[in-house]
Amino acid sequence: MKRIEQIAQRFDQASATYEGAAELQWRAAQSLACKVLETPWEHPKVLEIGCGTGYLTQLLLPRIPGQWLVTDIAPSMVQATRNRFSASAAQFRLLDGSNPDLPAQSVDLIVSNLAAQWFEDLRGALHHLACCLTPGGRLLLTLLGRESLSQWRAAVADTGHQAGTPTFPTAQSLAGMLPQSRVSAQCVTLSYHNARVYLNSLKAIGASLPAPDYAPLPASVMRRAMQLMGEPCAVSYEILTLDWVKP
């Protein structure tokens, strides 16, 4: 199975448990929505990538009248958001946000909340999305940065092993992927009863797929790393926000 299919499968299976564990996604969506709404929008054509169960959609769609195309890679996520906005004129469909099959210069605004870190070729995906924008169109998205999950990575490192956390971009490397883009970073730290609760929360939102070609840790190593996290345990997330206007 291709990695993109594995990602889609994990998120598809998580639609029923997603909202009970997606505190980070909700907080990031609120921050991103505030950024998007700083600009007055006059009936734009809007593309949302990675809608999940509709956190960002519910914050923006009622506030930005226009032609909305709301998408995700997981069928059950698309259905969950469609159900939430059944009275809306928005369109909902499956879409690989890293390689959207949309005409060039066909949308005015692209938004995405904590989905782009799953793109296998982030730079290439950003350029595909840029091609979809009209001149003067805007891309606003959040994704996880390099400093995310540092506590878990450190705990696993203390056992003499390496965590399977995917490699996320730095703010500097992300800014270099699209010329004249603006990238900001914020740290959000969440508290969990213990490491098991933290790891279960990743599974509940569909984010448990490790880096490519990563061999799972032995159970004894996992138990030791979880013990090293302590009770309660804190896990930090670096949220990068990319803001780019097409020349």
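Computed quantities for the displayed model
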quantity	calculated
Using θ = phi - 60° and Karplus 6.51 cos²θ - 1.76 cosθ + 1.60, couplings along region 81-92 (whole Hz; Gly, Pro as x)	6, 4, 4, 5, 10, 4, 8, 8, 8, 4, 9, 10
Extension gain (nm, one decimal) between Ala154 and Ser181, 0.36 nm per residue minus Cα-Cα	6.6 nm
Virtual spin-label span in nm between Ile4 and Ser106, 7 Å along Cα→Cβ	1.6
Percentage relative contact order, the chain, counting C-alpha pairs under 8 Å, at least six apart	23
Leading residue at positive end of dipole, the chain (Cβ point charges), from Leu95, Thr81, Gly206	Gly206
Degrees, to the nearest 10: 3-13 long Cα axis against longest axis of the chain	90
The chain, helix-only ellipticity at 222 nm - DSSP H runs n ≥ 4, -39,500 (n - 2.57), divided by all residues, nearest 500	-10000 deg cm²/dmol
Acute angle (nearest 10 degrees) that the helix 122-132 long axis makes with the longest principal axis of the chain, alpha-carbon atoms	10
About the Cα centre, charge dipole magnitude for region 108-247 (Lys/Arg +1, Asp/Glu -1 at Cβ), debye	120
Inter-site label distance for Gln162 and Gln79 at 7 Å from Cα along Cβ, in nm	3.9
Under 14 Å from the Cα of Lys203 - aspartates and glutamates, other chains or at least 8 residues apart	Asp12, Glu19, Glu23
Fully extended contour minus Cα-Cα distance, from Thr17 to Arg223, at 0.36 nm per residue	71.7 nm
Overall form of region 1-140 per C-alpha gyration tensor (a/c, 1.5; a/b vs b/c)	oblate
Within region 85-171: Cβ-based charge dipole about Cα centre, in debye rounded to nearest 20 (Lys, Arg +1; Asp, Glu -1)	140
Cross-link partners of Lys246 among lysines (Cα-Cα below 26 Å; sequence separation of 8 or more within a chain)	Lys35, Lys45
Semi-axes of the equivalent ellipsoid for the chain, Cα gyration tensor, largest first, Å	31, 19, 17
Rounded FRET efficiency, nearest 0.05, which uses the C-beta distance separating Glu231 from Ser88 and R0 of 41 Å	0.40
Whether region 101-168 is rounded, prolate or oblate, judged on the alpha carbon gyration tensor where a/c under 1.5 counts as rounded	prolate
Between helix 195-205 and the chain: long-axis angle, C-alpha atoms, 0 to 90°, nearest 10	30
Net dipole in debye of region 1-151 [+1 Lys, Arg Cβ; -1 Asp, Glu Cβ; about Cα centre; nearest 20]	100
Contact order relative to length of region 13-138, as percent, for alpha carbon pairs under 8 angstrom and 6 or more apart	26
Mean-position separation - Cα centroids, region 30-97 and region 170-244, in angstrom	25
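Values in this text are rule-based calculations from the coordinates and carry no lab data. Here the structure is a predicted model, which is why all the values come from computation and not from measurement. Counting neighbours? That spans all protein chains shown, and the Cβs are built from the backbone with ideal geometry, glycine included.
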